[in-house]
Amino acid sequence: MFAPEIHEGTILVADDNEADRELLSNLLSTEGYEVVCVADGQQALGKVASDSIDLAVLDVVMPRPTGFEICQAIKSKAETRLIPVILLTALNSDADRIRGIMSGADDFLSKPVNKHELLARVHSLLRLKQFTDELDNAETVLSSLAVSIEAKDPYTEGHCDRLSKYSDAVGEKLGLPEDLRVALRRGGLVHDIGKLGVPEHILLKPGPLTPEERKIMEQHTLMGERICAPLRSFRNVLPIIRHHHEKRDGSGYPDRLRGEQIPLTARILQIADIYDALTTERPYKKALSTQEAFAIMREEVKRGWWDGSILDEFEAVVHGYEPVQPGRSGTQ
Ligand SMILES: [Fe+2]
């Protein structure tokens, strides 16, 4: 004999009709869900903002804001856009469904609600929500780990955050699609996550590394790629992690790629990485001015290390940028 399935999750029910509200609430509570009921759109928006809602069941016809408008508001905010929304409508018209799809609804049900249909959709949408929450958690863990590397070395404080912003700004200037810009933002945070595997006496050594130590340090690109590889949502971040120390003349690591073989996103991030390292203080050097940093990087472009056209874009970004908080940083 099977034990009954235990359902977890908090469901928001918004309906101005009291009888319908109670019906839905009883149905969902009996299944084990926690139900939060509201009678109008304003209260619904308040609950979405204040409570931890896993799914919203919204009546379309309510005094303003309507179910469509609440759905649109939920789907337009980064913090709430992953909450699944079911719209309830008495009118089974195509126009309503199209408007619902435009507002980002995940599903529709016609009133009067069929109990079995409602429960089946609630179960499946909540399962999906659980997966996205887990994914979200995994990304948060990776970002926290990356920040923990930064925390080991006071000279790298704020480095990842600045890198993330610089790289994304260059991506925007180059007109890169949103998925690559997301990868650049994530790459800025986690590109050095492989340093978790580098012993501290090497990671924090205040002077030049010996050839053996350098070999171990260089492993951070491969180690980082291995750490992030299981996350599907990080597939565009992997080339950044692996190749952010390649050089155009083939003298970089780990694969000695040349020129355009180096992924564009990695070429963007490495420019931001070098610039931030040059313009921030380290144990054995003072922070350089913006002009001094760009003069050095121009020389390195001539030497065949960096992509000159990306450096041009980056320079334009830096000159049009708010002064970045003076921190200290390093890149190896
Ligand atoms: Fe690195």
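Summary of computed values
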read-out	value
Residue list for region 269-306, filter: of a type in the set (D, E, K, R), touching a residue at least 60 places away in the same chain (Cβ under 8 Å) and assigned to a helix (DSSP H, G or I)	Asp273, Asp276
Enumeration of residues in region 19-35 that are buried (at least 18 other Cβ atoms within 10 Å of the Cβ) and under 33 Å from the mean Cα position of the chain (by Cα)	Leu28, Tyr33, Val35
Flag if Val122 is touching a strand residue (DSSP E or B) at 6+ places or on another chain (Cβ under 9 Å) and surrounded by 16 or more Cβ atoms within 10 Å (Cβ to Cβ)	yes
Scan of region 30-48 for residues that are touching a residue at least 24 places away in the same chain (Cβ under 8 Å) and assigned to a helix (DSSP H, G or I), ordered by number	Gly41, Gln43, Ala44, Leu45, Lys47, Val48
Residue that is nearest to the ligand (Cβ to nearest atom) [pool: residues in region 236-262 that are under 21 Å from Gly197 (Cβ atoms) and open to solvent by 50 Å² or more (accessible area, probe 1.4 Å)]	Arg242
Hits in region 41-62 (condition: over 16 Å from Leu87 (Cβ atoms) and open to solvent by 40 Å² or more (accessible area, probe 1.4 Å))	Gln42, Gln43, Lys47, Ala49, Ser50, Asp51, Ser52
Residue match in region 280-289 (condition: within 31 Å of the chain's Cα centre (by Cα), farther than 25 Å from Cys228 by Cα, at pLDDT below 95 and open to solvent by less than 20 Å² (accessible area, probe 1.4 Å))	yes
Unique match (being open to solvent by 20 Å² or more (accessible area, probe 1.4 Å), under 22 Å from Glu246 (Cα atoms), in contact (Cβ under 8 Å) with a residue 24 or more places away in the chain and out of contact with any strand residue (DSSP E or B) (no Cβ under 6 Å at 6 or more places or on another chain)) among Leu145, Leu184, Leu180, Leu163	Leu180
Residue match in region 79-93 (condition: of a type outside the set (Gly, Ala, Ser), open to solvent by 90 Å² or more (accessible area, probe 1.4 Å) and within 23 Å of the chain's Cα centre (by Cα))	yes
Flag if Glu150 is within 19 Å of the chain's Cα centre (by Cα), surrounded by 14 or more Cβ atoms within 10 Å (Cβ to Cβ) and without any contact (Cβ under 8 Å) to a residue 12 or more places away in the chain	yes
Any hit, region 125-134, residues being at pLDDT 90 or above and over 21 Å from Cys228 (Cα atoms)	yes
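Per-residue answers, yes or no, for (1) of a type outside the set (A, V, I, L, M); (2) away from the ligand (no atom under 11 Å from the Cβ); (3) more than 28 Å from Lys286 (Cβ to Cβ); (4) modelled with pLDDT of 95 or more:
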position: Arg185; (1), (2), (3), (4): yes, yes, yes, no
position: Gly188; (1), (2), (3), (4): yes, yes, no, no
position: His191; (1), (2), (3), (4): yes, no, no, no
position: Lys195; (1), (2), (3), (4): yes, no, no, no
position: His201; (1), (2), (3), (4): yes, yes, no, no
position: Gly207; (1), (2), (3), (4): yes, yes, no, no
position: Lys215; (1), (2), (3), (4): yes, yes, yes, no
position: Gly224; (1), (2), (3), (4): yes, no, yes, no
position: Ala229; (1), (2), (3), (4): no, yes, yes, no
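The values are calculated or read from the model by the stated rules, or taken from the named source; none is laboratory data. On a predicted model such as this, the values are computed, not experimentally measured, just so you know. When we count neighbours, we look across all protein chains shown, and the Cβ atoms used for this are built from the backbone with ideal geometry, even at glycine. Protein only, heavy atoms only, side chains kept; ligands, DNA and RNA dropped before computing areas. Shrake-Rupley method; radii C 1.70, N 1.55, O 1.52, S 1.80 Å.
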